[in-house]
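These notes are about the structure you will find just below.
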Amino acid sequence: MNLPPKTFNLPPQLKICGLTKPDQIQELISMSVDFLGFIFYEKSPRYVLNHLSMEEISAIEHRGKTGVFVNEETDLILKAVQQAGLNFVQLHGDESNHFIAGLRQKLNPEVGIIKVIRIGDIDSDNKDKIAQTFTSNLPPVTYYLFDTDSKAFGGTGKQFDWSILNEFDIPLPYFLSGGISEENIGNIDTLKQQPFALDINSKFETEPGSKNIDRIRKFKTLFQ
């Protein structure tokens, strides 16, 4: 699908999540991708430690290495950060503000925290849940990430209704995720608060963990 030229006040950064292959990682680095996402959730088909060791991830020279964790214990997150040399921790589960505050105290101050807010149906309960996130005791996080709610905790390739984001004043820069593709990227214009970064995964794969590098390269040109 050919989209009209896109003009951003500030082009969003780009995160590629679910990486497992060293050659593809190096190609993405050469393309100046801003964030590299490694999934440390054993139930994911993109579980990175089935493909790469902690030492191999640590050896990757990049400032945006992001470890994705789902309801993981603090000590195991800290261990992964140290052994894999992660720059960001992405919390994709149901981590409480209390948990995040405790993790923040123990993390190296230079390591950022990305808290995922999973969005399902647009109903009053979900709206209230999101509103409460933004109004009560904000946790010490660096960025939010909005993704489509699922039992698999992401990687579905399905898009949530972005219009719900226009109902809130989002207090931090955020990543937009969940089924982003060439077909819908033009709809980003409908958001009154533009995303800091786009997070893509399954829509740009040939199989779980194997990325379509040419397609990512072409997609990247749409907003730069």
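The values are calculated or read from the model by the stated rules, or taken from the named source; none is laboratory data. Just so it is clear, the structure is predicted and the values come from calculations on it, not from any experiment. Neighbour counts run over all protein chains shown; Cβ positions are idealised from the backbone, glycine included. Surface accessibility is based on the protein's heavy atoms, side chains included, excluding ligands, DNA and RNA. Shrake-Rupley method; radii C 1.70, N 1.55, O 1.52, S 1.80 Å.
Quick rundown of the values:
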| quantity | calculated |
| --- | --- |
| Residue list for region 60-92, filter: small (Gly, Ala, Ser) and within 12 Å of Phe40 (Cα to Cα) | Gly67, Ala80, Ala84 |
| Residue within region 67-90 that is of a type in the set (Ser, Thr, Tyr) and surrounded by 18 or more Cβ atoms within 10 Å (Cβ to Cβ) present | no |
| Which numbered condition Ile180 misses (of (1) within 20 Å of Phe38 (Cβ to Cβ); (2) outside any helix (DSSP H, G or I); (3) at pLDDT 95 or above) | (3) |
| Test: residue in region 58-66 that is surrounded by 16 or more Cβ atoms within 10 Å (Cβ to Cβ), under 29 Å from Phe223 (Cα atoms) and touching an Asp or Glu at 6+ places or on another chain (Cβ under 7 Å) | yes |
| Scan of region 181-224 for residues that are hydroxyl-bearing (Ser, Thr, Tyr) and over 20 Å from Ile29 (Cβ atoms), ordered by number | Ser181, Thr190, Ser202 |
| Criterion (modelled with pLDDT of 95 or more, open to solvent by 20 Å² or more (accessible area, probe 1.4 Å) and closer than 23 Å to Gly18 by Cβ) met by exactly one of Asp199, Asp214 | Asp214 |
| Search result, residues across region 69-103 that are in contact with a His (Cβ under 7 Å, 6 or more places away or on another chain) and either without any contact (Cβ under 8 Å) to a residue 40 or more places away in the chain or assigned to a strand (DSSP E or B) (or both) | Phe69 |
| Yes/no for Arg118 being open to solvent by less than 70 Å² (accessible area, probe 1.4 Å), within 30 Å of Leu28 (Cα to Cα) and assigned to a helix (DSSP H, G or I) | no |
| Residue within region 93-101 that is within 18 Å of Leu19 (Cα to Cα) and within 18 Å of the chain's Cα centre (by Cα) present | no |
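For (1) among the polar types (S, T, N, Q); (2) touching a residue at least 60 places away in the same chain (Cβ under 8 Å); (3) assigned to a loop (DSSP other than H, G, I, E, B), each residue gets a yes or a no:
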position: Thr20; (1), (2), (3): yes, yes, yes
position: Ile25; (1), (2), (3): no, no, no
position: Val33; (1), (2), (3): no, yes, yes
position: Tyr41; (1), (2), (3): no, yes, yes
position: Ser44; (1), (2), (3): yes, yes, yes
position: Ile57; (1), (2), (3): no, no, no
